[in-house]
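A short write-up of the structure that comes next.
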């Protein structure tokens with residue numbers, strides 16, 4: 001067991017290291033970025049200022065150095081051993097690159113290429129000493145946001161959005177389990193009944209329904225049509241409203257009150273419940289059907305146990321074993337939120353944050369999101385493998 | 001000699017057991033025809049395909065024709081040019097005929113899904129079959145790579161890659177003839193075809209991961225079967241065993257997963273376009289039409305209904321057909 005855990009841990013670190021490289025490479029290939037905003041704004045600035053901005057975003061450093069500073073916060077300066085510093089003059093970047101416009105004779109395409117460095121403008125390890133350095137992503141420092149919350153730490157943004165996502169995801173996952181498990185189990189017990197048929201078709205509809213379309217349909221029905229008819233209607237976006245509003249049956253709703261928050265959560269929550277229940281019901285039904293065919297269920301019946309006890313204690317508990325691992329995989333989703341649902345309902349959570357960060361080229365935020373979700377997914381995989389042995393002692397891990 | 005005798009006995013036996021000779025294909029067809037929902041779905045899909053294929057003939061208007069002052073016309077209104085044509089679904093925010101856009105979008109959305117699924121199935125089969133059959137270091141490297149890509153959550157990754165590609169038109173070197181071919185196929189302008197090709201590339205770039213694992217699993221179990229051993233004993237080459245024994249036997253689960261995959265691809269493409277990170281206006285797709293309909297839905301609530309319903313219907317139909325195929329091809333099959 002111990003060996004297994006150690007091996008898995010090493011594997012996890014390797015996977016995460018590769019995904020860090022992958023996402024960093026993706027981001028550094030990205031167009032946009034801080035300098036292109038300056039270009040778009042047509043601001044006339046001199047070489048010195050460009051160099052200053054490049055230094056601020058660390059664009060003047062070579063890619064491997066930049067990556068290592070981003071990942072583990074090193075190098076911070078020359079290597080110092082016993083008061084002596086080494087490699088202080090090692091060149092790690094260039095303040096003012098010499099750019100040349102190249103033109104392909106055949107296709108006529110033009111692009112700029114860096115062909116060298118202005119003499120005397122190299123960045124050495126000594127220059128890194130005075131710079132603001134992050135502690136490194138590996139140690140939880142995601143640096144500063146570029147656009148969404150300019151020059152403030154990314155962690156601040158995440159802290160402000162995470163509660164909304166957790167609130168939405170935890171309630172909807174819990175409700176989805178409470179709704180999905182009984183429905184799936186019952187439809188397996190009554191296989192080929194009208195109920196079973198109905199549930200199966202409904203699950204098909206649910207899993208074929210795009211979340212964004214379902215979300216828009218809900219807004220159409222519960223916000224537009226119900227409001228027009230003078231019925232009980234639901235607010236369409238955000239987590240709470242800015243002003244008090246009136247809803248028939250409920251009366252005046254104070255902005256920011258608990259009722260206000262609950263009303264705002266109903267629709268995004270329902271969409272997420274629908275998606276999860278539709279996916280899970282068929283899974284639970286299948287796993288329940290398999291268990292019901294087992295000998296120990298027949299034995300339980302033969303012992304003369306009540307059918308209710310047979311179904312719940314003997315069959316359902318075993319049928320839920322594979323389901324447990326499925327639910328564990330919702331852990332990253334609970335952090336990452338539902339990008340599409342949060343975007344449609346303008347819910348101020350993590351998913352929406354990621355979408356905004358992509359749209360506005362705020363790469364540190366997007367990278368933080370990607371890495372945290374990747375980490376959580378890897379952890380969830382490990383937990384689900386371990387849980388397998390806990391809920392089913394027949395399985396041994398090697 | 002022994003083989004001839006035994007095959008004769010089998011023939012005699014089977015002739016007694018089965019009064020009529022029924023081929024595998026007939027059996028499968030018969031089982032599929034019995035699946036009512038799958039049949040209905042198949043017919044619906046055929047109708048949608050015919051409409052999409054005949055888009056230029058059926059569409060009453062040019063899908064990109066803007067008509068000023070003719071925006072948000074209600075469904076069923078006659079055209080203002082007096083030609084007697086009718087805007088069956090009304091018009092959008094810049095006066096383009098909605099019905100014509102819907103059927104041109106059907107062509108684009110369906111073809112994108114079909115092409116992406118074909119590419120990812122082919123790559124998946126090649127990688128999966130090779131890895132599964134050869135085993136050893138090839139298998140280990142290929143599968144670790146696939147597992148690594150599957151570790152990272154798919155939707156965020158898809159979104160970021162399409163955000164990067166869509167913002168940077170020259171990121172993928174797309175040959176001129178390919179762009180022109182896609183533009184001709186989808187009846188769009190050649191410079192707009194770049195986006196479509198990028199979306200296809202992104203979708204198939206992730207799509208093959210799942211199918212390669214599926215095929216590898218099937219091949220791994222087939223490799224231990226006696227008929228594989230027999231053909232190896234007869235001196236068949238690796239390539240021959242893979243192509244004549246492995247891949248045909250892996251066909252059933254592959255067809256089923258490809259059909260079910262189409263449902264997912266249609267939704268994913270629509271989601272990308274809906275979020276503005278896929279195929280963009282003026283090229284019509286159901287996703288980007290729904291996205292712009294969202295902005296006006298409180299005044300013109302029929303618009304999101306008309307562009308969203310086809311996404312749902314197609315995805316549902318592919319799901320039903322896939323389910324029917326699974327039952328027909330192999331009732332024991334589990335996917």
For region B:111-162, shape from the Cα gyration tensor axes a ≥ b ≥ c, cut at a/c of 1.5 then a/b versus b/c, turns out oblate
Everything considered on the Cα gyration tensor (a ≥ b ≥ c; rounded for a/c under 1.5, else prolate if a/b is larger than b/c, else oblate), region A:247-398 must be described as oblate
Among A:347, A:233, A:146, the residue with the largest mean-square fluctuation in a Gaussian network model of chain A built from Cα contacts under 10 Å is A:233
Note: A:198-211 gets an average of partner chain Cβ contacts (10 Å, Cβ to Cβ) equal to 4
Helix B:247-274: inclination vs chain B longest Cα principal axis, degrees, rounded to 10, gives 20 degrees
Tilt, helix B:154-167 to longest principal axis of chain B (alpha-carbon atoms), in degrees rounded to tens, equals 50 degrees
GNM of chain B, Cα pairs under 10 angstrom: of B:114, B:185, B:303, the biggest fluctuation goes to B:185
Longest principal axis of chain A (C-alpha) makes with the long axis of helix A:47-56 (C-alpha) an angle, in degrees to the nearest 10, of 40 degrees
Output row, site residue B:225, 7 Å Cα→C-beta label point, backbone N cut-off 17 Å, window region B:302-331, residues B:329-331
Quick note, the protein assembly as shown: a/c under 1.5 would make it rounded; otherwise a/b > b/c is prolate and the rest oblate (a ≥ b ≥ c, C-alpha gyration tensor); here it is rounded
Taking Cα pairs closer than 8 Å and at least 6 residues apart, the relative contact order of region B:139-213 in percent is 33 percent
To the nearest 0.05, the calculated FRET efficiency linking residue B:85 and residue A:160 through their beta-carbon distance, R0 being 35 Å, is 0.10
Reduced to Cα centres, the span from region A:246-291 to region A:181-240 in Å works out to 9 Å
Note on chain A: contact order normalised by length, alpha-carbon pairs under 8 Å, 6 or more apart, percent, works out to 18 percent
Output ordering of B:206-213, B:46-53, A:122-129 (per-residue mean of other Cβ within 10 Å, highest first) is B:206-213, A:122-129, B:46-53
Helix-only [θ] at 222 nm, chain A, -39500 (n - 2.57) per DSSP H run of 4+, per residue, nearest 500, equals -18500 deg cm²/dmol
Partner shielding of A:375-382, as the mean number of partner chain Cβ atoms within 10 Å, equals 1
For A:321-330, B:273-282, B:75-84, A:384-393, ranked highest to lowest by mean beta-carbon neighbours within 10 Å, the order is B:273-282, A:321-330, A:384-393, B:75-84
Output field shielding_mean for A:212-223 (other chain Cβ, 10 Å radius) holds 5
Once normalised by the length of chain B, the mean sequence separation of its alpha carbon contacts under 8 Å that are 6 or more apart gives a contact order in percent of 22 percent
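The numbers here are math on the coordinates, done by the rules we state, and not lab data. Bear in mind the structure is a predicted one, so any value in this text is a computation, not a measurement. So basically every Cβ, Gly included, is an ideal-geometry build from the backbone, and we count neighbours across all protein chains shown.
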